[in-house]
Each structure stands twice: as structure tokens, then as C-alpha cells.
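The values are calculated or read from the model by the stated rules, or taken from the named source; none is laboratory data. Since this is a predicted model, take the numbers as computed values, not measurements. Cβ placement follows ideal geometry from the backbone for every residue including glycine, while neighbour counts extend to all protein chains displayed. Remember, those area values only see protein heavy atoms, side chains included, never the ligands or the DNA or RNA. Shrake-Rupley method; radii C 1.70, N 1.55, O 1.52, S 1.80 Å.
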Amino acid sequence: GAFLAMPALCEIDEAMKAPDVRKVLDNTGLYEAWYEEVPKPAHRTIPVIGVKFTDMLAEGSMKREELEDLGAIVAGDAPGRTN
């Protein structure tokens with residue numbers, strides 16, 4: 001597996017949107033708040049990965065259960081590596 005940290009502007013291709021790709025966010029609530037404040041698709045206004053994921057949730061191309069929380073992984077409440 002590979003680990004990608006995207007702390008800046010980004011766009012992902014179709015393969016990265018696949019359900020088997022782990023989608024870990026550092027602050028889910030922040031991205032949800034930003035999403036509510038801007039025109040849709042929100043990623044055009046705030047092009048960071050967390051906002052892209054909120055767009056994907058809204059359009060139905062991703063399920064909420066696919067999002068993971070970095071804090072839970074660091075705290076040991078969720079698995080880190082899965083393979």
C-alpha cells in the first residue's frame with residue numbers, strides 16, 4: 001500500500017475514489033462546515049481533499065462509512081495499517 005498526505009490543493013482521479021482506497025481525514029467536522037458555506041460543488045471553491053470527499057458524499061459516489069478519522073487511528077481506536 002501507499003500513504004498519501006495531501007495538505008494542499010488537490011484533485012484525485014477515478015482510481016483514488018474507489019471504495020477500497022482508505023479515505024482518512026484529520027478534521028471531518030471542519031470539511032463539513034466549509035461544505036455548508038460555499039457553492040456546490042464545494043471542491044471548486046475549496047480544492048482540498050476533505051471537501052472533495054464531502055462533494056462525493058453529497059453526490060452519492062461515496063458512503064459516510066468510507067471516511068475514517070485520523071484522530072481515532074492515532075488514539076488506537078481505529079486500525080492503522082490494514083494490510
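Brief remarks on what is shown
- Single match in Ala2, Ala33 (criterion: at negative phi and either under 13 Å from the mean Cα position of the chain (by Cα) or open to solvent by 70 Å² or more (accessible area, probe 1.4 Å) (or both)): Ala2
- Taken over segment 8-21, the residue count meeting the criterion of being open to solvent by 90 Å² or more (accessible area, probe 1.4 Å) and either touching an Asp or Glu at 6+ places or on another chain (Cβ under 9 Å) or among the small types (Gly, Ala, Ser) (or both) is 1.
- Residue in segment 35-56 that is farther than 21 Å from Gly80 by Cβ and either of a type in the set (Phe, Trp, Tyr) or at pLDDT below 90 (or both) present: yes
- Residues of segment 18-27 that are at pLDDT below 90 and touching a helix residue (DSSP H, G or I) at 6+ places or on another chain (Cβ under 7 Å): Pro19 alone.
- Residues located in segment 44-83, provided they are of a type in the set (Gly, Ala, Ser), open to solvent by 40 Å² or more (accessible area, probe 1.4 Å), in a loop (DSSP other than H, G, I, E, B) and free of Cβ contacts under 8 Å to residues at least 40 places away in the same chain: Gly60, Ala75, Gly76
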